[in-house]
Amino acid sequence: MNIYDVSKQAGVSIATVSRVLNGNPNVSGKTREKVLAVMDELGYTPNVFARGLGLGTMKTIGIMCSDSSDPYLANAIYYLERQLRSHGYDSLLCCTGPSLENKRAYFELLLSKRVDAVILAGSKFVELIDQDNEYLISAAKGLPIMLVNGFLDAPGIYSTVCDDYQAMYDAAGRLLDSGRDRILYLYTSHSYSGLGKVQGYKDALSAHGVPVRRELIRQCGKNLAASKALLEELADSGTAFDGVLTSDDSLAVGAVKFAHGRGLAIPEELAIIGYNNSILSYCTDPEISSVDTKVEELCVTTVDTLMRVFDGVEVPKKITVTADFIQKQTTNF
């Protein structure tokens with residue numbers, strides 16, 4: 001069953017059926033009722049993509065994330081979809097994984113669905129090599145691209161970011177002010193967000209006159225087992241640390257498990273700070289002090305900014321949100 005069958009049964013043109021579907025006011029009430037009655041009789045359901053072609057908009061936004069199992073990104077997707085629905089928009093979600101090839105492929109898939117815009121959730125969509133971002137810069141000439149906690153300076157691309165640099169600078173400063181001077185920093189990636197965090201850590205050390213030690217800056221997998229194993233390896237090799245600062249709560253959970261296994265008192269012998277203030281930070285004993293990166297505010301602001309772009313309102317290319325430090329039980333400031 002398609003629009004041609006409706007047109008024939010109702011005795012009107014296909015253009016008239018299309019106008020009824022699109023809510024065009026240039027259709028008489030009598031004709032509208034007749035067309036709707038035929039649709040009901042035939043059990044016709046209009047195809048959203050065909051309807052979008054008539055409206056000039058799909059009322060659909062593409063969302064891309066690298067890993068929907070990640071607590072931070074899962075929350076981001078929830079808040080983005082909720083806010084889009086509040087504005088009458090549907091969404092299509094693609095989980096790309098880390099591969100640039102997959103990111104490009106999924107991006108092209110969303111474009112083929114004629115979405116009205118694409119939201120990239122997470123900082124891993126901004127590549128360190130400029131030419132690897134060309135597919136985004138080129139596409140932004142035709143539709144808005146929104147970055148959640150990533151920044152790319154190009155026309156048609158709009159960013160809402162957390163000030164990760166300042167958040168990590170402040171967190172490291174709290175540990176330093178409490179007397180910790182061998183702070184181990186654990187991170188997961190060299191993304192836009194990740195680079196800001198590690199620089200904040202380094203600058204806080206320098207500001208407090210504490211040397212930056214390369215052996216205390218370690219990358220590991222984004223899971224508690226990896227961080228626990230890394231801490232055990234460092235401790236066994238004689239690397240001393242009295243504080244652990246992490247780029248994600250999952251790594252901080254591993255630090256708590258490490259401390260329990262070694263019989264270290266938290267926070268007296270080992271202070272620990274996580275990042276994102278996710279549910280993971282509340283699931284350990286003791287609960288983990290963490291940086292709240294305001295994921296809900298980031299996502300709501302992103303969608304509201306997109307709606308203003310659609311309305312033709314001039315908006316900032318970059319909006320910055322300030323994080324909060326949430327004191328719990330793994331620090332004693």
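Which condition does Lys222 not pass, out of (1) closer than 21 Å to Tyr187 by Cβ; (2) of a type in the set (D, E, K, R); (3) modelled with pLDDT of 95 or more, if it passes all the others?
(3)
Please give the strands (runs of 3 or more DSSP E) falling wholly within region 157-224 in which 3 or more residues are of a type in the set (A, V, I, L, M, F, W, C) and in contact (Cβ under 8 Å) with a residue 40 or more places away in the chain.
On the way: elements: 157-162, 183-187, 217-219.
Answer list for region 157-224: 157-162, 183-187.
Filtering region 161-212 down to residues that are open to solvent by 30 Å² or more (accessible area, probe 1.4 Å), of a type in the set (D, E, K, R) and under 14 Å from Phe325 (Cβ atoms), which residue is nearest to the chain's Cα centre (by Cα)?
Across region 161-212, the extreme among qualifying residues is Asp163.
Going through region 87-129 one residue at a time, which ones are of a type in the set (Ser, Thr, Tyr), more than 18 Å from Pro144 (Cβ to Cβ) and assigned to a helix (DSSP H, G or I)?
Ser123 - this is the single residue of region 87-129 that is of a type in the set (Ser, Thr, Tyr), more than 18 Å from Pro144 (Cβ to Cβ) and assigned to a helix (DSSP H, G or I).
If you check Asp304, Asp285, which single one turns out to be outside any loop (DSSP other than H, G, I, E, B) and either open to solvent by 30 Å² or more (accessible area, probe 1.4 Å) or in contact (Cβ under 8 Å) with a residue 40 or more places away in the chain (or both)?
Numbers: Asp285 fails: outside any loop (DSSP other than H, G, I, E, B).
The match here is Asp304.
So how many residues does region 145-160 have that are surrounded by fewer than 23 Cβ atoms within 10 Å (Cβ to Cβ) and more than 19 Å from Gln131 (Cα to Cα)?
Number of matching residues: 0.
Could you check region 198-214 and list, in sequence order, the residues that are more than 9 Å from Gly173 (Cα to Cα) and in contact with a Phe, Trp or Tyr (Cβ under 7 Å, 6 or more places away or on another chain)?
The answer is Val198, Gln199, Gly200, Asp203.
In region 302-320, what residues are under 30 Å from Leu175 (Cβ atoms) and in contact with a Ser or Thr (Cβ under 7 Å, 6 or more places away or on another chain)? Reasoning before the result, please.
First, the residues of region 302-320 that are under 30 Å from Leu175 (Cβ atoms): 318-320.
Matches in region 302-320: Lys318, Ile319.
Quick one: is Asn133 polar (S, T, N, Q), crowded, with 20+ Cβ neighbours inside 10 Å and within 29 Å of Tyr201 (Cβ to Cβ)?
Values: polar (S, T, N, Q): yes; crowded, with 20+ Cβ neighbours inside 10 Å: no; within 29 Å of Tyr201 (Cβ to Cβ): yes.
So Asn133 fails the test.
Quick one: which of Ala259, Ala271, Ala265, Ala255 is under 20 Å from Arg182 (Cα atoms), of a type outside the set (Phe, Trp, Tyr) and open to solvent by 20 Å² or more (accessible area, probe 1.4 Å)?
Of Ala259, Ala271, Ala265, Ala255, the one residue that is under 20 Å from Arg182 (Cα atoms), of a type outside the set (Phe, Trp, Tyr) and open to solvent by 20 Å² or more (accessible area, probe 1.4 Å) is Ala265.
The values are calculated or read from the model by the stated rules, or taken from the named source; none is laboratory data. The structure presented is a predicted model; accordingly, all values stated were derived computationally and were not measured. No Cβ is skipped: glycine too gets one built from the backbone with ideal geometry, and neighbour counts run over all protein chains shown. Heads up: the accessible areas ignore ligands, DNA and RNA and are worked out on the full protein's heavy atoms, side chains in. Shrake-Rupley method; radii C 1.70, N 1.55, O 1.52, S 1.80 Å.
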